[in-house]
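Step one of this worksheet: look at the structure below.
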């Protein structure tokens, strides 16, 4: 038994879904309604990866063959920047004209007896659905979907219009690689994305930030004038060929658009039509968009169609609602992955000027890995020769894994870029570290990391998070730390201390009891920037006065002197995660009306005073860092724009490095988690403020760390949970890479040799 299916929009999603469903069950009556004329479309070429072509092959071999025969295939990416070029291979792309692709899909639909209705502008989807007695309506009506707008209360679209202006052009210059060309003007940078899609034609996308576009007056140009401007700017890449526009129906600068990223909360709307509940399902650009810089718009549309068709095939006896829910549940996750990658890519191109201080080698690496979907080792698979050359360039000699390169800050030289994050262990007694801490830190010093950071340590008894947290306000605590630093130094490693005061998050239970919840008994009084409790069960702290501030500053200074005497190589001030100094910086927790409240500069005033006082007594040859929450992940809180301003203030105060974390400043926070999800904050601060950064957060593999360091997104990588699971994380990850650029403790060398043999890595 077949269904009546109506697809609104004859783009890739609607056409491909129609032919797949008709092929699956010829009894289906399927109609595709398209507003344009037969075999008419706008646009130039589209790009698929080799993986997408494989997906098409699995879904419908005949159609895939027709598309594949029309493809122009290439493996190379070439980057032009500051008069130089770099080419790498192994990337596996295919280009095809959008019109040609649609023609193939239209022809296949006709062969399968799918009804194609052209030149029909769908003003009323419900009336049309009734006309065709539709059991299922597919809303594949594109980026500016009328259907999505009509039922916006159901779909709940979130549309983020991005900054850059871009225009789709074409040229008869045929590029033999996917080409990125960057040109600087008096107002800023333009970039071109160019690729061949048939024997005679290439797509040529020109993009620039909106401010640069406007500064050049392109908004006031005619279409011909704007094309001429681009042609002149990129003339060296065109070899005398012209740039062409196929958007004659648009006037002036209307063909220069800003990319709208579309996310919908749900993809299915139900209407009762002729006494029957009928689903209206978003598909393709109507449901979601992904920036053209990762070439995934058409890919997502086609894979939506594949997934929904497969879901119907796999559940032939299920009701419609069950099938559609399974489709949305699965597909929305995959789309989100692509959109997250696309967001990273979009932001890279929006802020090219962050990276233009780089040499072309690192600039290219940053470009290739911008989405965080292509990693260091993935590049090695694609083009091992190019990556080896790059690693040698980065090291200034023999090729090495970037995470194993040495790093010097002030007078401290670290043997590699891996840092053991400061992680609370809750094992101190009266603020005194003990044998547990010696073994804990000692094991990780033996494990190959360049720098170990001790968990947040308080300068006062009341500044501890829990009764199990360490302190540094007396001689006993200092001597206990000295025992640990002496051992670490004996293992060719360095150790740093993170000083911080808990503020509103103090007097809480141990981490494995009830994290951030108050003690069941014997709570001590709290103070903070303002009388704002961290949570409904936490006690309300008293707002600090100037006497409190002076006393606490003195305590931080005294602890800094003790840290030096205890032998620490590095000092970090904790201004993140909702603790006392973070509470001053975050506008959600700082409600002061004096000089320490209000503007960001005022909110940072006291943390800066503390930092400067500590820096004044901390030895000049030893580095000092600050950990910040770069984003509060909550409405009204700090964002990454504020993080840049924070970093600038601390840099001016003498800070050497920003340890870039985020969140935990309020229980209202809703972080967007993911692999290396905080690294973009470290990247932005490093490359805009030009201060060293430490990346932290969901960095769990050597591949992550190598990508971060190699791209210049951060100078150090702090690894937390993996180091709890494996004290020898650095040694083991180096072994997986086959690298011998780490030194194992001599008593462990036989274990090392066996591990390398088992992993079959070369010496």
Shape call, the range 333-380: gyration tensor on alpha carbons, a/c limit 1.5: oblate
Estimated distance in nm for a label pair at residue 276 and residue 600, the labels positioned 7 Å out from Cα along Cα-to-Cβ: 5.7
For the range 588-640: rounded, prolate or oblate by the Cα gyration tensor [a/c cutoff 1.5]: oblate
Computed lengthening from residue 537 to residue 438, 0.36 nm per intervening residue step minus Cα-Cα distance: 32.2 nm
Order of 441, 357 under a 10 Å beta carbon neighbour criterion, fewest first: 357, 441
Residue 58 versus residue 222: modelled label distance in nm, points set 7 Å from Cα along the beta carbon direction: 5.2
Estimated distance in nm for a label pair at residue 381 and residue 486, the labels positioned 7 Å out from Cα along Cα-to-Cβ: 5.0
Spatial separation of Cα centroids for the range 716-748 and the range 104-138, in angstrom: 59
Computed lengthening from residue 427 to residue 113, 0.36 nm per intervening residue step minus Cα-Cα distance: 105.8 nm
Percentage of interatomic Cα-Cα distances in the range 177-306 larger than 27 Å: 36
Order of 724, 233 - criterion: other Cβ atoms within 10 Å of each residue's Cβ, fewest first: 724, 233
Amide N of the range 242-266 lying under 15 Å from the label point, which is placed 7 angstrom from the Cα of residue 158 along Cα→Cβ: 261-266
Extension gain from residue 330 to residue 241, taking 0.36 nm per residue of separation minus the Cα-Cα distance: 27.5 nm
Three principal axis lengths of the range 406-727 [C-alpha, angstrom, descending]: 47, 43, 37
Cα-based Rg and Dmax for the range 294-414, where Dmax is the largest Cα-Cα distance (Å): 21.2, 71
Paramagnetic reach from residue 410 in the range 651-673 [backbone N under 18 Å; point 7 Å along Cα→Cβ]: 651-660
Rounded FRET efficiency, nearest 0.05, which uses the C-beta distance separating residue 187 from residue 726 and R0 of 45 Å: 0.35
Cα pair count fraction exceeding 26 Å, expressed as % - the range 409-565: 31
Mean Cβ neighbour count within 10 Å, used as a protection proxy, ranking 154-162, 752-760, 387-395 highest first: 387-395, 154-162, 752-760
Computed [θ] at 222 nm, deg cm²/dmol, the chain (DSSP H ≥ 4; -39,500 (n - 2.57); rounded to nearest 500): -11500 deg cm²/dmol
Which labelled figure in (1) 30.0, 97; (2) 25.7, 79; (3) 29.4, 87 is Rg and Dmax of the Cα atoms in Å, once derived from the coordinates: (3)
Principal axes of the range 4-350: Cα extent on each, largest first, Å: 64, 39, 35
Euclidean distance of C-alpha centroids, the range 187-234 and the range 592-632, integer Å: 44
For the range 1-35 versus the range 462-519, the gap between their alpha-carbon centres in whole angstrom: 64
Percent antiparallel among DSSP beta bridges (both partners in the chain, rounded to 5): 50
Ranked list, fewest to most other Cβ atoms within 10 Å of each Cβ, for 195, 327: 327, 195
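Coordinate-derived values only; no laboratory data. Predicted model only: the values in this text are computed from it and were never measured. A quick note on method: Cβ atoms are made from the backbone with ideal geometry, for glycine too, and the neighbour counts reach across all protein chains shown.
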